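Taking it in order: structure first as C-alpha cells, then the write-up.
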Amino acid sequence: MAARTLSGVWEAYRIGVAAGIGAGAAVVAAGWLARTRSGMAVAILLGAAIGVVFGFLIDDWTEAVAGAAGGILGGLGAVQIVRGALRRGGTTSGTGILVALAGVGVAALALIPVVGYVEAVGLPAFAARLRKRAPERYAGLRTLARD
C-alpha cells in the first residue's frame with residue numbers, strides 16, 4: 001500500500017514539473033515574440049508544444065497534458081505582462097532579455113514540489129491583476145498642445 005501512495009506522490013510531482021516547465025517555456029517565448037498578435041499566438045503555442053515534449057520526456061500523456069496546460073496558461077499570463085511593458089515604453093530587446101531570464105527562473109522553480117502547479121495558475125492571475133491596476137490613458141496636456 002505504501003508503494004502505491006509513493007507512486008501517486010511521484011506522479012503528482014512529475015505533473016507539476018511538466019506544467020511549470022511548459023509555463024516557463026511560454027514565458028521565454030512571450031518575452032521575444034509578444035510584440036504582435038500573431039507573435040502572441042505563436043508564443044502560447046510554442047510554450048504548449050515545449051510543455052508537451054517535456055511531458056513526454058518526463059513520463060507519459062498525463063505529464064504532456066499538464067505541460068500543454070502550463071504552456072497555455074503561462075503564455076496567456078506572460079503575453080499580458082510583456083504587452084504592458086512594451087506599451088509603457090519598454091524596449092523590445094530589454095523586455096525580451098528580462099522576461100526570458102524570468103522564464104528560465106519559472107522553469108527552474110518548477111522543480112520544487114507543488115510550485116509548478118502554482119506557476120501555471122498564478123501567472124494568468126498575476127497578469128489579470130496587473131492589467132486591472134494599469135492606469136487609464138488620459139489626453140492630459142496633449143489636448144492643450146493642439147491649440
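The values are calculated or read from the model by the stated rules, or taken from the named source; none is laboratory data. On a predicted model such as this, the values are computed, not experimentally measured, just so you know. Cβ: placed from backbone, ideal geometry, glycine included. Neighbour counts: every protein chain shown. What goes into the accessible areas is simple: the full protein's heavy atoms, side chains included, and nothing from ligands, DNA or RNA. Shrake-Rupley method; radii C 1.70, N 1.55, O 1.52, S 1.80 Å.
The table below lists the values:
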| read-out | value |
| --- | --- |
| Verdict on residue 55 being outside any loop (DSSP other than H, G, I, E, B), touching a residue at least 24 places away in the same chain (Cβ under 8 Å), open to solvent by less than 80 Å² (accessible area, probe 1.4 Å) and out of contact with any strand residue (DSSP E or B) (no Cβ under 7 Å at 6 or more places or on another chain) | yes |
| Filter pass, residue 89 being at positive phi and surrounded by fewer than 16 Cβ atoms within 10 Å (Cβ to Cβ) | yes |
| Tabulated pairs, segment 73-95, first in contact (Cβ under 8 Å) with a residue 24 or more places away in the chain, second open to solvent by 10 Å² or more (accessible area, probe 1.4 Å) and of a type in the set (Ser, Thr, Tyr), C-beta under 9 angstrom, 6+ apart or interchain | 82/95; 86/92; 86/95 |
| Subset tally (residues that are farther than 14 Å from residue 17 by Cα and of a type outside the set (Gly, Ala, Ser)) for segment 97-115 | 4 |
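For every residue, the table says whether it meets (1) in contact with a His (Cβ under 8 Å, 6 or more places away or on another chain); (2) outside any helix (DSSP H, G or I); (3) free of Cβ contacts under 8 Å to residues at least 40 places away in the same chain.
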{"site": "12", "(1), (2), (3)": "no, no, yes"}
{"site": "18", "(1), (2), (3)": "no, no, no"}
{"site": "25", "(1), (2), (3)": "no, no, no"}
{"site": "35", "(1), (2), (3)": "no, yes, no"}
{"site": "46", "(1), (2), (3)": "no, no, yes"}
{"site": "65", "(1), (2), (3)": "no, no, yes"}
